[in-house]
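Enquirer: Provided herewith is a single structure, encoded as structure tokens, for subsequent inquiry.
No value in this document is a laboratory result; all are computed from the given coordinates. Given the structure is predicted, the values throughout are model-derived calculations rather than measurements.
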Amino acid sequence: MTWMSCFRFRITAVSRQAKGPLGPHASPPKMPPRAAKSRSAVPAAPWTFLTNHAHVLLCIARDPQSRARDLATRVGITERAVHRILTDLEEAGYLERSRDGRRNTYRIHKGLPLRHPVEMHRKISELIALVEES
């Protein structure tokens with residue numbers, strides 16, 4: 001057997017396997033759709049106007065003693081993502097963390113500007129006031 005005939009034999013064998021036991025025109029059985037898993041009580045939107053960083057910051061503005069687990073549930077992200085966001089906000093100076101017994105208490109520096117050049121003329125306090133529940 002030459003290398004070319006061996007190669008042709010291999011292609012034929014693979015294409016026969018791809019057709020499967022039901023023949024070349026049979027379609028595989030359909031699987032029922034999976035139920036969507038949601039970590040949040042609010043259905044997830046395909047996109048939002050605010051980032052997860054803004055969502056975490058707004059949740060902390062409502063409750064400065066929020067646990068990372070509660071923030072994750074409320075925002076709809078993982079607890080690990082919340083920890084990364086809290087670190088980002090703290091390193092950028094928007095948030096200050098202090099230990100109160102076994103819990104963290106957060107303080108937002110509301111006088112700082114928003115980060116994107118389009119909204120830099122606005123302060124964190126204005127964002128919080130805009131979204132704050134009356």
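Enquirer: Roughly speaking, what is the stretch gain from N104 to A92, that is 0.36 nm per residue apart minus the C-alpha to C-alpha distance, in nm to one decimal? Numbers along the way, then the final one.
Expert: Numbers: separation 12, 0.36 × 12 = 4.32 nm, distance 1.81 nm.
Using 0.36 nm per residue and subtracting the Cα-Cα distance, I get 2.5 nm.
Enquirer: Sticking with this one: Would segment 52-131 count as rounded, prolate or oblate if I go by the C-alpha gyration tensor, calling it rounded below 1.5 in a/c and otherwise prolate when a/b exceeds b/c, oblate otherwise?
Expert: It is prolate, given that a/c is not under 1.5 and a/b is the larger ratio.
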